Amino acid sequence: MVLDEFYKLNNNQRIPKVALGTWQVPNGTAKTAVAAAIDAGFRNIDTAIAYENEEGVGEGIRAGLAATGIHRESIFVSSKIPAEVKSYKEAEKNILESLVRLDCRHIDLMLIHAPKPWSEMNSPFKGREYYGENLEVWRAMEEAYVAGRFRAIGVSNFEIEDLDNIMEGCRIMPAVNQIRVHIGHVPTELIEYCHTNGILVQAYSPNATGRLAGIPEICAMAEKYGVSVPQLASRFVLQLGLLPIPKSASPEHIRQNANLDFEINLEDMGKLLAIKDL
C-alpha cells in the first residue's frame, strides 16, 4: 500500500510518500478530517501557521491515535513559518507558538512558507529578494532542529536562486521544497535542481485546486483506470518521484484519496506530461 511507503530525506529521516493537506480546512473541521485521514491510513499530515488550524490538526492527531492505537512516532507532522515572518526573533516566536498549538513535543518538518511575503510573491517586478532575512529565519530553524524541536527543516515555494541562497549560508541543508506541481504544471528545471541537491519535492495542489476535473482528457483517463481525477492526479505526482499532498475535509474523499495502488502506464504518463499551462 502506497500510504505505507516512505521517502528518505537527506538527513535519513523517513517521510510517508503521501500527505493529507489541510489548506482552507477550518480549525473546527480539521479535527474530524485529520482523525479520518489517520483512520484511512494516512501517516503524513501537512498544515501551516497561516492556515489557522494547527489546534484542530493537533486535536485530530490525538483523536486518530486514540482510535487506531498507533503511536505518535508513526505520524509525520509538517507546519510552516508564515511568509511574512522574516526575522530571527519572529521566527523563534512562531516556532514556539506552533508547538503549543499543535500540542506536540516536536514537529517532524518545519518549512519557510515562501521566500517573500505573499503580497510580493506574484509581483511582475523583481523587487526585494529577502536573501538575508530568509537566512535569519533559517538560523532560527536550524537552532530548533539542533534542540530536537524539529526532525527536519525545509522550504516552500522557493525558486532556484532562493535555494542557492539558503544552501550557501546554511549549516543544515534543506530537506524539502514544497511547490505547486500537478498535471499541466510541472516545473521540470526546479524539480531536477532539487533532486540533484538531495532535496525532496513535495507537490501541493496535485489536483490543481479542482481544475483538473474540467479537462475532458484527464477525466477520460481517470475513468480508464477506474479512479477519481484526484486519485489520478496524486498517482501522476508519485510517478514523478514527488510527494503529493491531496487536500480534503470529507472523510469519504479522504478514504478515496488513500487508494493509490495502481499504476499509470508510460504512454499515458507521456500524454499527461504533454498537457501544459493549467
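Out of the stretch 206-230, which residues are crowded, with 22+ Cβ neighbours inside 10 Å and in contact with a Phe, Trp or Tyr (Cβ under 8 Å, 6 or more places away or on another chain)?
The answer is 206, and nothing else.
Listed residues 200, 266; which is under 21 Å from residue 180 (Cβ atoms) and of a type in the set (A, V, I, L, M, F, W, C)?
After ruling out the rest, the residue left standing is 200.
Could you grab the pairs with beta carbons closer than 7 Å, sequence gap of 6+ or different chains, first residue in the stretch 119-144 and more than 18 Å from residue 165 (Cβ to Cβ), second one in a helix (DSSP H, G or I)?
Listed pairs, sorted by first residue: 144/95.
The rows are residues; the columns are (1) touching a Phe, Trp or Tyr at 6+ places or on another chain (Cβ under 6 Å); (2) surrounded by fewer than 18 Cβ atoms within 10 Å (Cβ to Cβ).
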{"site": "33", "(1), (2)": "no, no"}
{"site": "68", "(1), (2)": "no, yes"}
{"site": "83", "(1), (2)": "yes, no"}
{"site": "95", "(1), (2)": "no, no"}
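May I ask you to list the residues in the stretch 196-247 that are of a type in the set (A, V, I, L, M) and under 22 Å from residue 174 (Cα atoms)?
Passing the criteria: 199, 200, 201, 203, 237, 238, 240, 242, 243, 245.
Scan the stretch 53-74 for residues that are in contact with a strand residue (DSSP E or B) (Cβ under 7 Å, 6 or more places away or on another chain) and outside any helix (DSSP H, G or I) and report the count. Step through it out loud before you land on a result.
Filtering the stretch 53-74 down to residues in contact with a strand residue (DSSP E or B) (Cβ under 7 Å, 6 or more places away or on another chain) leaves 54, 57, 61.
With the extra rule that they be outside any helix (DSSP H, G or I), the set shrinks to none.
Here the count works out to 0.
From the residues in the stretch 44-58 that are buried (at least 23 other Cβ atoms within 10 Å of the Cβ) and among the charged types (D, E, K, R), which one is nearest to residue 110 (Cα to Cα)?
Per the criteria, the residue is 46.
Test residue 50 against the criterion of being in contact with a His (Cβ under 8 Å, 6 or more places away or on another chain), under 30 Å from residue 8 (Cβ atoms) and assigned to a loop (DSSP other than H, G, I, E, B), and give yes or no.
no
Looking for whichever is free of Cβ contacts under 8 Å to residues at least 24 places away in the same chain and either under 28 Å from residue 231 (Cβ atoms) or not small (Gly, Ala, Ser) (or both) here; the options are 5, 59, 84. Which one fits?
Checking each option against the conditions leaves just 5.
Do we have any residue at all in the stretch 102-113 that's assigned to a helix (DSSP H, G or I), more than 24 Å from residue 260 (Cβ to Cβ), among the charged types (D, E, K, R) and modelled with pLDDT of 95 or more?
So far as the stretch 102-113 goes, no, none of its residues is assigned to a helix (DSSP H, G or I), more than 24 Å from residue 260 (Cβ to Cβ), among the charged types (D, E, K, R) and modelled with pLDDT of 95 or more.
Please tell me if residue 14 is charged (D, E, K, R) and buried (at least 16 other Cβ atoms within 10 Å of the Cβ).
no
Exactly one condition in (1) surrounded by fewer than 23 Cβ atoms within 10 Å (Cβ to Cβ); (2) farther than 18 Å from residue 2 by Cα is not met by residue 61; state its number.
(1)
Looking for whichever is assigned to a loop (DSSP other than H, G, I, E, B), in contact with a Ser or Thr (Cβ under 9 Å, 6 or more places away or on another chain) and at pLDDT 95 or above here; the options are 34, 18, 77. Which one fits?
Step by step, each of 34, 18, 77 is checked, and only 18 is assigned to a loop (DSSP other than H, G, I, E, B), in contact with a Ser or Thr (Cβ under 9 Å, 6 or more places away or on another chain) and at pLDDT 95 or above.
If you go through the stretch 127-150 one residue at a time, do you hit one that is modelled with pLDDT of 95 or more, under 26 Å from residue 62 (Cβ atoms), of a type in the set (Phe, Trp, Tyr) and out of contact with any Asp or Glu (no Cβ under 8 Å at 6 or more places or on another chain)?
Yes, that holds for at least one residue.
When the stretch 217-249 is examined, which residues are found to be within 22 Å of the chain's Cα centre (by Cα) and free of Cβ contacts under 8 Å to residues at least 24 places away in the same chain?
229
The values are calculated or read from the model by the stated rules, or taken from the named source; none is laboratory data. Computed from a predicted model, the values in this text were never measured in an experiment. Note that each Cβ is placed from the backbone with ideal geometry, even for glycine, and that neighbours are counted across all protein chains shown.
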